[in-house]
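See structure below.
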Amino acid sequence: MTETVQTSARAGFALLVAATVAAFFVTQRLKTGEPAVKDITVQAYMSPNGDGLKDTARFAFTLPRGDRVTLDVGDPQGDRVRRLLDGASLQRGRHIFHWDGLGDDGVVPRDARYFLRVVLRDQGRAVTSPIGVLLVTRPPRPRIVSVSPRLALARRPAPVTVRFVGPASTPPVLRIWRTDGPRPRVAAAVVGRQGEHTLRFPGKVQGRPLPPGNYSVSVTVRNPALLTASFPPRLPPTRAQGLPGTGFTVLGTVAAGPLEPVPAGDKARISIEGGGSRVRWRLTRIGDGRQVAKGDSTGPDFPVHVSPKTATGAYVVTLSVAGRTARVPIAIRAPRTRKVLVVLPTISWQGANPVDEDADGFPDTLFTSRSVPVARPFAGGKLPAELQSQAAPLLRFLAARGLHYDLTTDLALARGHAPLLRRHMGVVLVGPETWTTALLGARLQAYVRQGGRVATFGVDSLQRAVVLTPSVLQDATAPAPADTFGEALAPPMTRASGSLVASSDRIGLFEGTNGFVGAFAVTQPSRRIPRGAHLLAAAGQGTAGPALVAYRLGRGMVIRFGTPEWARLLDSSPAAATVTKKAWSLISR
């Protein structure tokens, strides 16, 4: 038994030696003989996404002699992903094959480097390409690092520098989007240099500076696989994608003034941005347009002296600086207290003031942002839109008919500053109070229940709450189903213009009319007056519910003019003028 084992061991050792010697001679022949496959070339990148750019990979090699050939594409671990050829006869010479990026299962494999393996069946030899093709399906992820300056002056254009991270194997493209219009649009485009991560926009387009406005910046790049991506990821840019520091503002001449009433005989402090050192200003009254003061000052902060004889009213300071103009509203009140207190909605003006505070390229308002500064210049150097469309026509109407009033702002009321509600028989909110502090809302309701009378003009008013701090307005809410007084309101409606038709009138609100008032396209119908209230008058369109409604609440009264178009009709609609004057009489006695 022992001899048999020893004999088998000696035989196995002899075979191992023989195989080793044979392998040695084969290896030597391979080292010194002609290569089985020559000049293998492999495409560097591929991106099989169907865009026509590098969707396939090109492989090429040379056979010194013909053979039956199998071609496989393998992953970094050597496992086959796709068989391109299976034992096909190839002649000597150069051969080219393409891979569409799919595996044997018809699915694009994971992003990795893939190698060509050439198997020569007749020779019993195989060669793998030393370099593989890099398959890439994930697009690049560029990111803007900085945009500077964040604030550019229209009167003094300066280059805007944009720095980004991401591939720059092809020239990156910078686009400047203007965002303060109905939709973002390209204002300028710049093609950068390959390999550079800094782009510079000269600040001008065809030799002209960008107009004042808000601008968002995008960068579009390609990686070596020619996959394209942008930052922000989707274009045109949207507010949801905007990040602080990825936009800039071109500033014209803008101004800010006091948001609370200025006593006659005092000074109104005006600040100006984007202007020169010399400022010419004039003070005119909203209502009759009379100029009551003018002067020259030095910016950026200066006083406007208000004469002690200046009548109570809303005024506009018009500033001229280096050929540019800016306007800012101010409220001025004389010492004498009147029966009716008119309230300017400065909280709402600032809440809707479209100024980009965080340099994301989009204007920030309480509709879109968690907070906005209380005091900031009005965008574009223009007056608030609702001042011009709603408050100003109503104030002109009052001035033309000699209807005197005291004046304040909702910001002053919210802070508890004089004049106070309780000193007046009636209160007129001349524009929509889009945002109201909880404290001011409670004060208005208590004022009415204790016998005060309030007239409100506009839609979407007294339904949204906001928190007021010394410096910001923040945490604005969505519209509540009911307003501060408890009246349940439908959302504002737009339809073909139609008259408001009186359906109830216990207080003579529609006396002097035929019961039809104006022609209005936008109204906000009432769903239900406050619980415990008593309806006094109503007018509406069809079955939608009254948009003009008066009711008694506690010992007081509320008259709601639920349309933003009422004030503009005061000069052209005798019925609207008659109802307005009657409402004034009701709240002032």
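Taken together, the values in this text are just the output of simple stated rules run on the coordinates, not laboratory data. Just so you know, these numbers come straight off a predicted model, no measurement behind them. All Cβ positions, glycine included, derive from the backbone under ideal geometry; neighbour counts span all protein chains shown.
Between beta-carbons, use under 13 Å as the cut-off and find the net charge around residue 355, counting Lys and Arg +1, Asp and Glu -1.
-4
Near residue 534, within a Cβ-to-Cβ distance under 10 Å, what is the net charge of the other residues, with Lys and Arg +1 and Asp and Glu -1?
On the way: positive: 506, 552; negative: none.
Charge balance near residue 534 sits at +2.
May I ask you to list the residues of the stretch 274-295 whose amide nitrogen lies under 20 Å from a point 7 Å from Cα along the Cα→beta-carbon direction of residue 404?
Hits in the stretch 274-295 for residue 404 at 20 Å: 285-290, 292.
What distance in nm separates the two pseudo spin-label positions at residue 200 and residue 185, each 7 Å out from Cα along the beta-carbon direction?
It is 2.9 nm.
List residues of the stretch 109-125, by number, whose backbone nitrogen lies under 14 Å from a label position 7 Å along Cα→C-beta of residue 169.
112-114
What are the ³J(HN,Hα) values, in whole Hz, obtained from phi via the Karplus relation 6.51 cos²θ - 1.76 cosθ + 1.60 with θ = phi - 60°, for each residue of the stretch 304-321 in sequence order, with x given for Gly and Pro?
So the J values, rounded to whole Hz, are 9, 7, 9, 4, x, 8, 5, 6, 4, x, 8, 10, 10, 9, 9, 10, 10, 9.
Treating only the Cβ of Lys, Arg, Asp and Glu as charged (+1, +1, -1, -1), what charge dipole size does the stretch 223-309 show about its Cα centre? Round to the nearest 20 debye. Present the calculation step by step, with values, prior to reporting the outcome.
On the way: 11 positive and 6 negative charges, 53 e Å.
Value, rounded to 20: 260 debye.
Which aspartates and glutamates, on any chain, are close to residue 54 with Cα under 13 Å apart, when same-chain ones fewer than 8 places away are left out?
By straight Cα distance, residue 54 reaches 100.
Taking 0.36 nm per intervening residue step and subtracting the Cα-Cα distance, what contour gain separates residue 58 from residue 477 on full extension?
144.9 nm
Give, in nm to one decimal, the length gained when the segment between residue 292 and residue 98 is fully stretched (0.36 nm per residue of separation minus the Cα-Cα distance).
This chain segment gains 61.5 nm when fully extended.
Compute, for the chain, the length of the dipole vector about the Cα centre, with Cβ point charges of +1 (Lys, Arg) and -1 (Asp, Glu) only. Units Debye, rounded to 20.
1680
Provide the FRET efficiency to the nearest 0.05 for the residue 439-residue 123 pair, computing r from the beta carbons and using R0 = 60 Å. Numbers along the way, then the final one.
Values: r = 93 Å, r/R0 = 1.54.
Once the sixth-power term is evaluated, E becomes 0.05.
At 20 °C and a viscosity of 1.002 mPa s, what translational diffusion coefficient does Stokes-Einstein give for the chain, taking Rh as the Kirkwood radius over Cα pairs? Give it in µm²/s as a whole number.
D = 71 µm²/s.
Can you give the relative contact order of the chain as a percent, counting alpha carbon pairs under 8 Å and 6+ residues apart? The partial results should precede the final answer.
Values: 1446 pairs, mean separation 49.9, N = 589.
Reported relative contact order: 8 percent.
Any of 309/382; 382/582; 267/309; 267/339; 339/582; 294/382 with alpha carbons more than 22 Å apart? Name them for me. The partial results should precede the final answer.
Details: 309/382 27 Å; 382/582 33 Å; 267/309 13 Å; 267/339 26 Å; 339/582 15 Å; 294/382 19 Å.
Exceeds cut-off: 309/382; 382/582; 267/339.
Using a 10 Å cut-off around each Cβ, can you sort 85, 283, 383, 116 from fewest to most neighbouring Cβ atoms?
Ordered from fewest to most neighbouring Cβ atoms within 10 Å, 85, 283, 383, 116 come out as 85, 383, 283, 116.
Nearest 5 is fine: what % of DSSP beta bridges in the stretch 143-251 come out antiparallel, could you say? Don't jump to the answer; show the numbers that get you there.
Working: 32 of 35 bridges.
The answer is about 90 percent antiparallel.
Could you check the simple spin-label distance between residue 572 and residue 239, using points 7 Å along Cα→Cβ, in nm with one decimal?
Here the modelled spin labels are 3.1 nm apart.
Return one quarter of the surface area of the convex hull spanned by the alpha-carbon atoms of the stretch 38-135, equal to its mean projected area, in nm². Kindly include the intermediate steps, with their values, before the conclusion.
Working: hull surface 23.8 nm².
If I average the Cα hull's projected area over directions, I get 6.0 nm².
May I ask which residue of 149, 168, 210 lies farthest towards the positive end of the charge dipole of the stretch 143-251, with charges of +1 (Lys, Arg) and -1 (Asp, Glu) on Cβ and the Cα centre as origin?
Going by the Cα projections, it comes out as 210.
Tell me, what is the Rg over Rh of the stretch 253-334, with Rh the Kirkwood radius over Cα pairs? Don't jump to the answer; show the numbers that get you there.
Values: Rg = 11.7 Å, Rh = 12.4 Å.
Rg/Rh: 0.94.
Among 522, 405, 347, whose Cα sits farthest toward the positive end of the charge dipole of the chain (+1 at Cβ of Lys/Arg, -1 at Cβ of Asp/Glu, about the Cα centre)?
Of the listed residues, the answer is 405.
For the stretch 38-135, what does the relative contact order come out to in percent, with C-alpha contacts under 8 Å and a separation of six or more?
32
What dipole magnitude, in Debye to the nearest 20, does the stretch 143-251 give about its Cα centre under +1 on Lys/Arg Cβ and -1 on Asp/Glu Cβ? Before the final figure, lay out each step's value.
Numbers: 16 positive and 2 negative charges, 47 e Å.
It comes to approximately 220 debye.
Below 8 Å between Cα atoms, with a sequence gap of 6+, how large is the relative contact order for the stretch 253-334 in percent?
Working: 211 pairs, mean separation 31.9, N = 82.
Across the stretch 253-334, relative contact order equals 39 percent.
In deg cm²/dmol and to the nearest 500, what is the mean residue ellipticity at 222 nm of the chain if only DSSP H runs of at least 4 residues count, each as -39500 (n - 2.57), divided by the residue total? Intermediate results must be reported in sequence, preceding the final value.
Values: 6 runs with 77 residues, N = 589.
For the chain, the value works out to -4000 deg cm²/dmol.
Semi-axes of the equivalent ellipsoid of the stretch 400-461: what are they in whole Å, largest first, if each equals the square root of 5 times a C-alpha gyration tensor eigenvalue? Write out the running numbers ahead of the final one.
On the way: eigenvalues 61, 44, 30 Å².
Calculated on Cα positions only, the semi-axes equal 18, 15, 12 Å.
Need one number for the stretch 143-251: average projected area of the convex hull over its C-alpha atoms, nm². Show your work: numbers first, answer last.
Values: hull surface 25.3 nm².
The directionally averaged projection comes out at 6.3 nm².
Within the chain, what is the longest stretch that has no GluC sites (Glu not before Pro) placed in a DSSP loop and near at most 14 other beta-carbon atoms within 10 Å?
197-510
Report the paramagnetic label zone for residue 51: residues of the stretch 224-252 whose backbone N is under 20 Å from a point 7 Å from Cα along the Cα-to-Cβ axis.
Answer for this model: 224-238.
Along the Cα→Cβ direction, 7 angstrom out, place labels at residue 39 and residue 382. What is the inter-label distance in nm?
Going by the 7 Å Cα→Cβ label model, 6.9 nm.
Could you point to the residue in 378, 228, 130 farthest towards the positive end of the chain's charge dipole, with +1 and -1 charges on the Cβ of Lys/Arg and Asp/Glu respectively?
Among 378, 228, 130, the one farthest towards the positive end of the dipole of the chain is 378.
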